[in-house]
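As structure tokens, the structure follows; a few thoughts come after it.
Coordinate-derived values only; no laboratory data. Predicted, not measured: the structure shown is a model, and the values here were computed from it. A quick note on method: Cβ atoms are made from the backbone with ideal geometry, for glycine too, and the neighbour counts reach across all protein chains shown.
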Amino acid sequence: MNFVILNDLVELCAEKGIRHAVLCPGSRSAPLTLAFARNKKIKCWTISDERSAGFIGMGMAQQTKTPVVLVCTSGSAAYNFSPAVAEAWFQQIPLIIFTADRPKEWIDQFDGQTIRQAELYGRHVKKYVELPQDYTHPDSEWYANRVVNEVINLAQSGQKGPVHINAPFREPLYPSRNENLKRKPERVIESMMGESTLSLKEWSGIKQALTGFKKILVVSGQNDDNPVLPTALKAFHSVHPWPFVGDVLGNLHSLPFFCRHSDTFLGQLPETVKQLLQPDLLITFGKSLIAKNLKLYLRMYQPKQHWHLQASGGMADTFQSLTKIIPVSPPYFFDQLKKKSLPPQKTWQTYEKMWMDLELKAKKGIEEFFHTKRPGEFSLVKQVIEALPDHCHIHLANSMTVRYANHIGLTVSQKKITVFSNRGTSGIDGCSSTAVGHALTSKIPNVLITGDLAFFYDRNAFWHNYILPNLFVIVLNNHGGIIFNLIDGPSGLPEAEEFFITRQQLNARSLASEFGFAYIEASCADLGAFFTIKKNAQILETDSSQSINKKTFEEFKKQIKNRYES
């Protein structure tokens, strides 16, 4: 093994701005582990469980907005990164994944920890490369430098995402004590990343087309924390009052005109109102939506045209009505469009007022419902959201947690709160680990609201040697998968209890004790005091009945529906 060349490649990572590496213990990966651990420019974190490590690294990359390295040994260890790799792909988060491997001649020879690692992550990485297993020729070193430059550039360009570097190593895997590992200056290949723009002719066509639409609806999916976007939307809306609709993951709650409760009211509206809301033109941006009622509505009441804004990437036809992809960023589009002096249309303001009237009615209905003290976890989520620190990150686990939060929403005054959720693949795996990755690389409070199944499924998120004073975990423990008790289909089946809801009797008290976290029962909690940074993470747990939670949620939907029928 040429340890000098490997050290040079790690130095290249540092020169290209990588500052964090998550290392999973193993022998075959020892050359990589030592190279990263000995580089003073990169902070190394040791996480034993590769599945948790993948999501922790992803959370770090999401928080720092820079690529993060993952390193593991050969064999099934590499497979355990897969859920995080898939999530990073769909959330467009840059990860640099190094997997150690055995020499090629030992694949399929019943050698230990040896699997087929080539193209292991399939189409969930932007590129797969393999380092040389021998460096006997000078071109091998040139090739290794070139491909590592290439994939790090690629991870950060266009639609960002993970890349995979497979590294087969021969023994010896450990350098001798006196081996000279002095580095030479590394060749760094830079890649320019320009902003996509439109020509004057293209803008002229867009401007002309817009004047022909009476009802224009803008829908936002999940967005990263980007202050430029709400600034551009606010400036545009001051001139052109189109309705802007989305959910809690859009991170647009600072906009007073943002319609954030469409999922609450669209499922309750009479058909006559739904028909009036049907847009002529739908403009969308961002990633996935939580709001199932909004998705179903736009698939049923399709626009004449649907334009999607994305600077790069493939074609996603979420509402089955896509007619045009505009290859620019949303801030650029709305900023430039504001400058094009569109002639105002009276129908635009009328159409926006229809949406905002429904939004206001939903908001009043939510406040009226919770004005009466309600039992169960839905009420606790509202209390937690209202008590959040002024400046924090809130992480929403999948299933009912993110849905509760979406119905409640954040307010305009909570503009320094950023929302995160693993909605790329929408799995319960890695929800805690992603929050831990954020907490390890930031100083502000990180608040995780999670259900019991997601929490216990990802308990190894806390299995490491790092303290987490800025992590606050709220566990909604209803002892099973409550979503299967609420959605149509499984809830009425005789098999639901055993095979879908999957009852469990655990609570978080023992886990908190095991990892040295403070533990508080929700019934005894002062939320203001809870959100105070102490020596380590804190867990607040509510123990609730599924039947009561189901009744509360059904009463909520019924009361909202009554407001639109009266």
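What ranking do ILE216, ILE428 get, fewest neighbouring Cβ atoms within 10 angstrom at the top?
By the 10 Å Cβ count, ascending, the order reads ILE428, ILE216.
On a 0 to 90° scale, report how tilted helix 200-210 is relative to the longest principal axis of the chain, with both axes built from alpha carbons and the result rounded to the nearest 10.
Relative to the chain, helix 200-210 is tipped by roughly 30 degrees.
For the chain, what does the alpha-carbon gyration tensor say about shape, rounded, prolate or oblate, given a ≥ b ≥ c as the root eigenvalues, a/c under 1.5 as rounded, and a/b over b/c as prolate?
Oblate, because a/c is 1.5 or more while a/b does not exceed b/c.
As a footprinting exposure proxy, order CYS259, CYS524 by other Cβ within 10 Å, with the fewest listed first. Write out the running numbers ahead of the final one.
Numbers: CYS259 25, CYS524 7.
Ranked by crowding around the Cβ, least crowded first: CYS524, CYS259.
Could you order peptides 187-197, 223-233 by the average number of other Cβ atoms within 10 Å of their residues, highest first?
In descending order of packing, they fall as 223-233, 187-197.
To the nearest 20 debye, what is the magnitude of the charge dipole of the chain about its Cα centre, counting +1 on the Cβ of each Lys and Arg and -1 on the Cβ of each Asp and Glu?
The calculated dipole for the chain is roughly 1780 debye.
Using only the alpha-carbon atoms, how far is helix 228-237 inclined from the longest principal axis of the chain? Give it as 0 to 90 degrees, nearest 10.
With rounding to tens, the tilt is 20 degrees.
Can you find, among ASN145, TRP89, GLY122, the residue farthest towards the positive end of the dipole of segment 3-168? Put +1 on the C-beta of Lys and Arg, -1 on that of Asp and Glu.
Projecting each Cα onto the dipole axis, the largest value belongs to TRP89.
With +1 on the Cβ of every Lys and Arg and -1 on the Cβ of every Asp and Glu, and nothing else charged, how large is the dipole of segment 200-363 about its Cα centre, in debye rounded to the nearest 20?
Numbers: 20 positive and 12 negative charges, 85 e Å.
Using only the charged Cβ atoms, the result is roughly 400 debye.
I'd like to know which of ASN536, GLY365, TRP463 lies farthest towards the positive end of the charge dipole of the chain, counting +1 on Cβ of Lys and Arg and -1 on Cβ of Asp and Glu.
GLY365
Once the other residues with Cβ under 13 Å from the Cβ of SER432 are scored (Lys, Arg +1; Asp, Glu -1), what is the net sum?
-2
Against the longest alpha carbon principal axis of the chain, how many degrees, from 0 to 90 and to the nearest 10, is the axis of helix 546-565 turned?
Roughly 50 degrees between the two axes.
Filter the trypsin sites (Lys or Arg not before Pro) in segment 91-174 to those in DSSP coil with at most 16 other Cβ atoms within 10 Å of their Cβ, and list the result.
On the way: sites: LYS104, ARG116, ARG123, LYS126, LYS127, ARG146, LYS160, ARG170; in loops: ARG116, LYS126, LYS127, LYS160, ARG170.
Qualifying residues, ordered by number: ARG116, LYS127, ARG170.
Suppose R0 equals 41 Å; then what is the FRET efficiency for ASP224 and LYS535 from their Cβ-Cβ distance, rounded to the nearest 0.05?
Values: r = 31 Å, r/R0 = 0.76.
That pair, ASP224 with LYS535, gives E of 0.85.
Can you give me the long-range amide H partners of ILE417? Hydrogens built in the peptide plane at 1.01 Å from N, cutoff under 5 Å, separation of 5 or more residues or another chain.
CYS392
In whole Å, how far is the Cα centre of segment 390-419 from that of segment 312-361?
Using only Cα atoms, the two centres lie 24 Å from each other.
In whole angstrom, note down how far apart the Cα centers of segment 195-215 and segment 93-149 are.
46 Å
Once amide H atoms are built 1.01 Å from N in the peptide plane, which residues 5 or more positions from VAL22, or in another chain, come under 5 Å H to H?
Amide H neighbours of VAL22, under 5 Å, 5+ apart: TRP45, VAL69, LEU70, VAL71.
Pairing rule first: another cysteine's C-beta must sit under 4.7 Å. Under that rule, which cysteines of the chain stay single?
CYS13, CYS44, CYS259, CYS392, CYS431, CYS524
Give the order of THR350, THR418, THR64 when sorted by the count of other beta carbons within 10 angstrom, beginning with the fewest.
THR350, THR64, THR418
In terms of modelled amide H atoms, which long-range or inter-chain residues lie less than 5 Å from the amide H of THR284?
The answer is VAL219, TRP307, HIS308, LEU309.
Rounded to the nearest 0.05, what FRET efficiency do SER199 and LEU276 have when you use their Cβ-Cβ distance and R0 = 45 Å?
So, using R0 = 45 Å, E works out to roughly 0.75.
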